[in-house]
1. Of all residues being small (G, A, S) and more than 8 Å from ligand 2 (Cβ to nearest atom) in the range 39-70, which is farthest from I80 (Cα to Cα)? Just the residue, please.
2. Of all residues in the range 32-66, count the ones that are under 9 Å from the mean Cα position of the chain (by Cα), farther than 13 Å from K19 by Cβ and within 6 Å of ligand 1 (Cβ to nearest atom).
3. Before we move on, is K36 within 7 Å of ligand 2 (Cβ to nearest atom) and either modelled with pLDDT under 95 or surrounded by 13 or more Cβ atoms within 10 Å (Cβ to Cβ) (or both)?
Amino acid sequence: MGSEWVQNMRGRLRGARVKATEYIIINTRLCRACWKCIRACPRGVIGKVDFLFHKHIRLIEPDLCVGCGACEKACPEGAIAALKRSKRQGDDQFC
Ligand code: SF4
Ligand code: SF4
């Protein structure tokens with residue numbers, strides 16, 4: 001995925017609530033609040049919006065994301081997409 005696309009996406013997000021880390025982007029409209037990605041993330045990056053009729057993930061510590069891809073793999077709804085892969089992917093220190 002080209003860096004130009006990433007830059008365009010970051011531009012669209014500017015001024016809005018953060019929905020991307022350096023490595024992943026989330027689409028809360030697709031989220032079904034199963035919380036599998038939260039359990040999969042080794043870094044505590046993902047948290048919950050958990051109201052009665054309003055439930056989806058949110059990024060609580062985006063700067064801690066190491067791009068391991070565990071959240072993307074865990075999501076059955078395709079609500080998380082990789083922007084780029086970390087050089088640390090597969091590094092047991094993190095995932
Ligand atoms: S890519 Fe890895 S570190 Fe980043 S949010 Fe997903 S599971 Fe957490
Ligand atoms: S795994 Fe997917 S559907 Fe489940 S909480 Fe995470 S983003 Fe939402």
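1. Looking at the filtered set, the residue picked out is G44.
2. Residues that pass the stated criteria total 0.
3. Values: within 7 Å of ligand 2 (Cβ to nearest atom): yes; either modelled with pLDDT under 95 or surrounded by 13 or more Cβ atoms within 10 Å (Cβ to Cβ) (or both): yes.
It is true that K36 is within 7 Å of ligand 2 (Cβ to nearest atom) and either modelled with pLDDT under 95 or surrounded by 13 or more Cβ atoms within 10 Å (Cβ to Cβ) (or both).
The values are calculated or read from the model by the stated rules, or taken from the named source; none is laboratory data. Computed from a prediction, not measured in an experiment: that's the story for all the values here. With ideal geometry, Cβ positions are generated from the backbone for all residues, glycine too; neighbour counts draw on all protein chains shown.
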